[in-house]
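The values are calculated or read from the model by the stated rules, or taken from the named source; none is laboratory data. Since we're looking at a predicted model, the values are computed, not measured. Heads up, the Cβs are rebuilt from the backbone with ideal geometry, glycines too, and the neighbour counts pull from every protein chain shown. Ligands, DNA and RNA are stripped out before the accessible areas are found, and what is left, the full protein with its side chains, is counted by its heavy atoms. Shrake-Rupley method; radii C 1.70, N 1.55, O 1.52, S 1.80 Å.
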Amino acid sequence: MTDKKPLLVVSTGAGISAESGISTFRDAGGLWEQYPVMDVASADGFARNPALVHRFYNERRAALAGVKPNRAHIILRELEEKFDVAVITQNVDDLHERAGSSNITHLHGELMKVRAIDNPSLIYPLEHYTDTTTPESTIDGHRVRPHIVFFQEAVPMFEPATEIVAKADIFVIIGTSLAVYPAASLLNYVRPGVPVYYIDPHPSAVPKGVKVIARTASAGLEELVKELC
Ligand code: OAD
């Protein structure tokens, strides 16, 4: 009989991809300083000007083409040797996948997928980071939109994510300002007594009892590995 590995649940935000060269949203110089968020990432914005929204996500895909997973993504994959690791990410990039993590839940969608506007269950992977879409693009006769959760829309993967968090033996939050709900409330689903860590060089306020590691994702994870392994 094999011993069951402890379940390590990791909730990641834009900060884990910062060391790969992807812009965060709310830091100085972040994406929401350069683009009005309600124009490029909301349901109303998409209804008003779909061409602008397609262009914004085409640019994000092109930016993703030139970057690689960093040490922090790799450490999360390496931790699978000792833990059952479940990654719940707010990120729409594919850097956890490219680092080889095997259990990933995307709360806010995926850049490298589009879906049919008239049938949200039809989700199509894009093959190349250079693939671009416009309001006129069709796949199998369907007009498509980015497979991204826009502001003002429900977060379908939130409930499955809460079920994973409720089973965690250790919960780790990395690189998020905890400004966007419901993602920021995942912490509320952790069972009492479960250790919680928060790695972020500029951490937001968190409840007492959360162990804050005020370092970058890679340095903070190196420190956490020494503590856990
Ligand atoms: P934010 O831009 O709000 O926060 C980024 C966090 O990363 C901040 O707390 C930074 O201090 C931290 N950070 C910066 N560099 C870091 C590094 N090298 N290592 C670790 N942390 C670092 O991004 P999120 O919290 O992920 O949603 O944003 C949440 C959601 O808001 C996004 O998923 C996106 C956005 O609107 C959608 O577009 C649907």
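Screening Gly100 on (1) touching a residue at least 60 places away in the same chain (Cβ under 8 Å); (2) touching a helix residue (DSSP H, G or I) at 6+ places or on another chain (Cβ under 6 Å); (3) not aromatic (Phe, Trp, Tyr) shows it passes everything except condition (1). Restricting Ile164, Ile170, Ile139 to those that are more than 10 Å from the ligand (Cβ to nearest atom), surrounded by fewer than 18 Cβ atoms within 10 Å (Cβ to Cβ) and over 13 Å from His108 (Cα atoms) reduces the list to Ile139. At least 3 residues being open to solvent by less than 20 Å² (accessible area, probe 1.4 Å) is the threshold, and among the strands (runs of 3 or more DSSP E) wholly inside the stretch 1-106 those reaching it are 7-12, 84-89. Among the residues making up the stretch 181-207, a single one is in a helix (DSSP H, G or I), among the hydroxyl-bearing types (Ser, Thr, Tyr) and surrounded by fewer than 16 Cβ atoms within 10 Å (Cβ to Cβ): Ser185. Among the residues of the stretch 197-213, the one identified as at pLDDT 95 or above and among the basic types (Lys, Arg) is Lys211.
When we screen Tyr124, Tyr181 for residues that are assigned by TED's automatic domain parsing to the domain that holds Val37 and not polar (S, T, N, Q), the only hit is Tyr124. Checked against (1) at pLDDT 95 or above; (2) within 19 Å of the chain's Cα centre (by Cα); (3) more than 11 Å from the ligand (Cβ to nearest atom), Ala51 passes all but a single condition, namely (2).
Could you please let me know if Met112 is within 16 Å of the ligand (Cβ to nearest atom) and either free of Cβ contacts under 8 Å to residues at least 60 places away in the same chain or among the hydroxyl-bearing types (Ser, Thr, Tyr) (or both)? So Met112 passes the test.
Close Cβ contacts (under 6 Å, 6 or more residues apart or on different chains) running from residues in the stretch 29-44 that are not assigned by TED's automatic domain parsing to the domain that holds Gly15 to residues that are of a type in the set (Val, Ile, Thr) and more than 10 Å from the ligand (Cβ to nearest atom) comprise Val40/Val53. Annotation: of all residues in the stretch 208-228 being open to solvent by 70 Å² or more (accessible area, probe 1.4 Å) and of a type outside the set (Lys, Arg), the one that is nearest to the ligand (Cβ to nearest atom) is Glu222.
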